[in-house]
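The values are calculated or read from the model by the stated rules, or taken from the named source; none is laboratory data. The structure presented is a predicted model; accordingly, all values stated were derived computationally and were not measured. A quick note on method: Cβ atoms are made from the backbone with ideal geometry, for glycine too, and the neighbour counts reach across all protein chains shown. For the accessible areas, the whole protein counts, side chains as well, though only heavy atoms, and no ligand, DNA or RNA atoms are used. Shrake-Rupley method; radii C 1.70, N 1.55, O 1.52, S 1.80 Å.
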Amino acid sequence: ACPAIEVSSMPVNELETESNSLSGKVVISLLDFAGATTSADCSVFTWNESDFDAFRTLQRTAKGIIWLTRGAHMTPLNPKGTPIIALARTLMSEDPLKTIVTLDLDQDSRLADPAVAQAVLRVLRQTFHVKHGSEPRETEYTEKDGRLYIPRLAPVRALNRLVEDEHSHGGFLQ
């Protein structure tokens, strides 16, 4: 059974002074959506030093982070949303005890859509409430039409064979 979910909000400028209230909690960031209601661009792409300091406080204090983006991964129409994905990968490689999950919503998905809320809850449960064995945990998700996807690279065996054959015969691909 999942523990009860408590929902509250906190402006970014209060992270430094109110960081203790985040201890042991999972934070869902909607910063990449702030530009939809204001003229400010809040994506990592435009952060300054104080924004990075606030993020560092959040990352150090919270149990984990689920960062929502839109149109940044599966169908990349929003390049300003992609830096958080790389930042999350980097930070987790440096500190594997921290969990930063990215959930990229489809460009047409809306936060008010019940399917989006269900997708966020599924990611929350899967990441923070399911016991993981020796298998790797998923930290990157995308959503399209209410369905969750896990972006992965897959080998193209025919291309691999072609490269291996050329290499073993001393030839080069041209």
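Do the conditions hold for residue 50, that is, is it open to solvent by 60 Å² or more (accessible area, probe 1.4 Å), polar (S, T, N, Q) and within 18 Å of residue 139 (Cβ to Cβ)? Taking the combined requirement at face value, the residue does not satisfy it. For residue 126, are the conditions met, namely being free of Cβ contacts under 8 Å to residues at least 24 places away in the same chain, out of contact with any Lys or Arg (no Cβ under 7 Å at 6 or more places or on another chain) and in a helix (DSSP H, G or I)? Considered against the rule, which asks whether it is free of Cβ contacts under 8 Å to residues at least 24 places away in the same chain, out of contact with any Lys or Arg (no Cβ under 7 Å at 6 or more places or on another chain) and in a helix (DSSP H, G or I), residue 126 comes out as yes. Picking from residues in the stretch 87-105 that are of a type outside the set (D, E, K, R) and open to solvent by 50 Å² or more (accessible area, probe 1.4 Å), the one that is nearest to residue 69 (Cα to Cα) is 90.
Taken as a whole, the structure places residue 29 among residues that are of a type in the set (Gly, Ala, Ser), modelled with pLDDT of 90 or more, open to solvent by less than 80 Å² (accessible area, probe 1.4 Å) and under 25 Å from residue 138 (Cα atoms). Determine, yes or no, whether residue 69 is open to solvent by less than 60 Å² (accessible area, probe 1.4 Å) and β-branched (Val, Ile, Thr). In short, yes.
Residue 77 meets the conditions (1) in contact (Cβ under 8 Å) with a residue 40 or more places away in the chain; (2) closer than 18 Å to residue 33 by Cα; (3) open to solvent by 50 Å² or more (accessible area, probe 1.4 Å) in every case but one. The failed one is (1). Of all residue pairs spaced 6 or more apart or on separate chains, those with beta-carbon atoms under 9 Å, a first member in the stretch 135-155 that is in contact (Cβ under 8 Å) with a residue 40 or more places away in the chain and part of a loop (DSSP other than H, G, I, E, B) and a second member that is open to solvent by 70 Å² or more (accessible area, probe 1.4 Å) and of a type outside the set (Gly, Ala, Ser) are 139/89; 151/74. Within this structure, residue 17 passes the test of being at pLDDT below 85, open to solvent by 40 Å² or more (accessible area, probe 1.4 Å) and more than 29 Å from residue 149 (Cβ to Cβ). In the condition set (1) modelled with pLDDT of 80 or more; (2) assigned to a helix (DSSP H, G or I); (3) open to solvent by less than 60 Å² (accessible area, probe 1.4 Å), residue 35 is compliant with all but (1). Residue 155 meets all of the listed conditions (1) of a type outside the set (Val, Ile, Thr); (2) open to solvent by 60 Å² or more (accessible area, probe 1.4 Å); (3) under 24 Å from residue 32 (Cα atoms) but one, namely (3). Just to be sure before I move on: is residue 108 of a type in the set (D, E, K, R), open to solvent by less than 50 Å² (accessible area, probe 1.4 Å) and not in a helix (DSSP H, G or I) in the structure I sent? No: the conditions fail for residue 108. Per this entry, residue 139 is not counted among residues that are open to solvent by less than 50 Å² (accessible area, probe 1.4 Å), touching a His at 6+ places or on another chain (Cβ under 9 Å), at pLDDT 85 or above and of a type in the set (Ser, Thr, Tyr).
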